[in-house]
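The values are calculated or read from the model by the stated rules, or taken from the named source; none is laboratory data. Please read all numbers here as calculations on a predicted model, not as lab measurements. Heads up, the Cβs are rebuilt from the backbone with ideal geometry, glycines too, and the neighbour counts pull from every protein chain shown.
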Amino acid sequence: MKDLTAIEALRRASAEGRPLPARAYTDEALFRLEKQRIFDGSTFAVAGLGDAERPGEWTRASDADPRLVITCGADLQRHAIFDVCRHRGATLLPEQPSGRQRALCLECPYHQWRYGLDGARLGVGRGSSEPLVRARCEQRAAQRWARYDDAVHPDFSLPEWLDVLDRAPLVRARSTRWEVRANWKLVVQNFVEAHHFEGVHRALERWTPWRASQSTMGEWWIAGEMPLVEDAETVSETGRTNGRALIVGDERERRRVRDAYVFPNALYSRQPDYLLAYRLFALDVDRTALWCDTLVHSKSEGCAIEEVARFWDRVHDEDRLVCESQQRAAGSRGFAPVAYEPSEDGVRAFDAMIARALAETLE
Ligand code: FES
Ligand SMILES: [Fe+2]
């Protein structure tokens, strides 16, 4: 048999309607390509609401490219810049996850070239006037995104219910980070299907039974919706909103939970009274970092969210364990998945997105 490269094997499986083969989760060369094309050459969620919030503040995208920094200018515009000097490449900011430049500029410690928070060169006199290397920074769907002109998916459309949320006065009540010892694609696949609620998340299945879930696909996103059972107001330990203001107006929306995956690394779960906004970063072929911001209505600031936090910490851990079990198996010749279930159209759509995003690297 012809020795297929990992990309060819992945494309063939997707084209034939089969789940991705083991090497999609173990092949180092494929992983490097994904990093290059899907993450470093893409539009992706870098930081959350609340990061680089006030003039002069900055946040480092440590799990993506540690040199990529989101800054907040004096006019509250956010910028995505690389803190690498255009003179001879010294780094400009301290090696910490975030900070504040009170002088509203950056100065290179090596030979003192200066830059604005938008990356523009200041006080040009020596050398060139080239700005720092930068990307466009956009705020959409409660996250801050870095966007490159040569992105693999120039279309940046989102499900409408997600775009609408930008009009809600959301504030961040909690932010957590954890790691999963599994390939990032296993983590996304787990997110875009609900069948596993029954076996893996009994508590979640109690409020939103998986059989009532429906999905919708965009070109570069996958969305799902589920009605809440009659005796639930929201998804939490108690199923009660406990005084938290709703973030949706519509009567119908108050009775449902929506979720979405936005290529390549943003995930969302919206309940009537809070939004979970996730960012996922592929660290190694078998290691993924996840950030999760819990966003509530500004009127709910100070309201208790502990029962929401505890509920989701448990769900996230249940997902982590199942993804890690798949990753352990992916190194074995026994790992040979044969079919998607009908409820897994989201997984199928995601696998096809990956095949599409990598296709051009073969041409
Ligand atoms: S390397 Fe930054 S000024 Fe020389
Ligand atoms: Fe799950």
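Name the one entry in 145, 113 that is within 30 Å of residue 319 (Cα to Cα), aromatic (Phe, Trp, Tyr) and either touching an Asp or Glu at 6+ places or on another chain (Cβ under 9 Å) or assigned by TED's automatic domain parsing to the domain that holds residue 225 (or both).
From the options 145, 113, the qualifying one is 145.
Of the conditions (1) over 22 Å from residue 149 (Cα atoms); (2) surrounded by fewer than 18 Cβ atoms within 10 Å (Cβ to Cβ); (3) among the acidic types (Asp, Glu), residue 65 clears all except one; give me its number.
Evaluating residue 65 over (1) over 22 Å from residue 149 (Cα atoms); (2) surrounded by fewer than 18 Cβ atoms within 10 Å (Cβ to Cβ); (3) among the acidic types (Asp, Glu) leaves (1) as the failure.
With 112, 101, 139 as the choices, which residue is of a type in the set (S, T, N, Q) and within 12 Å of ligand 1 (Cβ to nearest atom)?
112
Run residue 86 past the list (1) surrounded by fewer than 21 Cβ atoms within 10 Å (Cβ to Cβ); (2) outside any loop (DSSP other than H, G, I, E, B); (3) in contact with a Leu (Cβ under 8 Å, 6 or more places away or on another chain); (4) without any contact (Cβ under 8 Å) to a residue 60 or more places away in the chain and report the number of the one that doesn't hold.
Failed condition: (2).
Are any of the residues in the range 237-258 small (Gly, Ala, Ser), crowded, with 17+ Cβ neighbours inside 10 Å, away from ligand 1 (no atom under 16 Å from the Cβ) and more than 22 Å from the chain's Cα centre (by Cα)?
The answer is yes; a qualifying residue exists.
Answer with yes or no whether residue 20 is over 24 Å from residue 155 (Cα atoms), assigned to a loop (DSSP other than H, G, I, E, B), more than 16 Å from ligand 2 (Cβ to nearest atom) and not assigned by TED's automatic domain parsing to the domain that holds residue 266. Quick ask: steps written out before the conclusion?
On the way: over 24 Å from residue 155 (Cα atoms): yes; assigned to a loop (DSSP other than H, G, I, E, B): yes; more than 16 Å from ligand 2 (Cβ to nearest atom): yes; not assigned by TED's automatic domain parsing to the domain that holds residue 266: no.
No, not satisfied.
Can you tell which of 181, 136, 177 is in contact (Cβ under 8 Å) with a residue 24 or more places away in the chain and closer than 19 Å to residue 57 by Cα? Before the answer, list the steps.
Working: 181 fails: closer than 19 Å to residue 57 by Cα; 177 fails: closer than 19 Å to residue 57 by Cα.
On inspection, the qualifying residue turns out to be 136.
Collect the residues in the range 318-332 that are more than 10 Å from ligand 2 (Cβ to nearest atom) and not aliphatic (A, V, I, L, M), keeping them in residue-number order.
324, 325, 326, 327, 328, 331, 332
Only one of (1) outside any helix (DSSP H, G or I); (2) in contact with a strand residue (DSSP E or B) (Cβ under 7 Å, 6 or more places away or on another chain); (3) over 14 Å from residue 174 (Cα atoms) fails for residue 350. Which number is that?
Unmet condition: (1).
When you go through (1) free of Cβ contacts under 8 Å to residues at least 40 places away in the same chain; (2) closer than 21 Å to residue 145 by Cα one by one for residue 110, which number turns out not to apply?
(2)
Restrict the check to the range 292-305 and report whether at least one residue is among the polar types (S, T, N, Q), farther than 22 Å from residue 159 by Cα, more than 13 Å from ligand 2 (Cβ to nearest atom) and out of contact with any Lys or Arg (no Cβ under 6 Å at 6 or more places or on another chain).
Checked against the condition, which is being among the polar types (S, T, N, Q), farther than 22 Å from residue 159 by Cα, more than 13 Å from ligand 2 (Cβ to nearest atom) and out of contact with any Lys or Arg (no Cβ under 6 Å at 6 or more places or on another chain), the range 292-305 yields at least one hit.
Looking for whichever is more than 16 Å from ligand 2 (Cβ to nearest atom), closer than 20 Å to residue 136 by Cα and out of contact with any Gly (no Cβ under 6 Å at 6 or more places or on another chain) here; the options are 76, 104. Which one fits?
76 is the lone residue from the list that is more than 16 Å from ligand 2 (Cβ to nearest atom), closer than 20 Å to residue 136 by Cα and out of contact with any Gly (no Cβ under 6 Å at 6 or more places or on another chain).
Inside the range 50-89, can you point out the residues that are of a type in the set (D, E, K, R) and within 16 Å of ligand 1 (Cβ to nearest atom)?
67, 83, 86, 88
Out of all the residues in the range 319-347, which are surrounded by 17 or more Cβ atoms within 10 Å (Cβ to Cβ) and acidic (Asp, Glu)?
Listed by number, the residues that qualify are 319, 344, 345.
Any idea which of 4, 33, 68, 10 is within 22 Å of the chain's Cα centre (by Cα) and modelled with pLDDT under 95?
33
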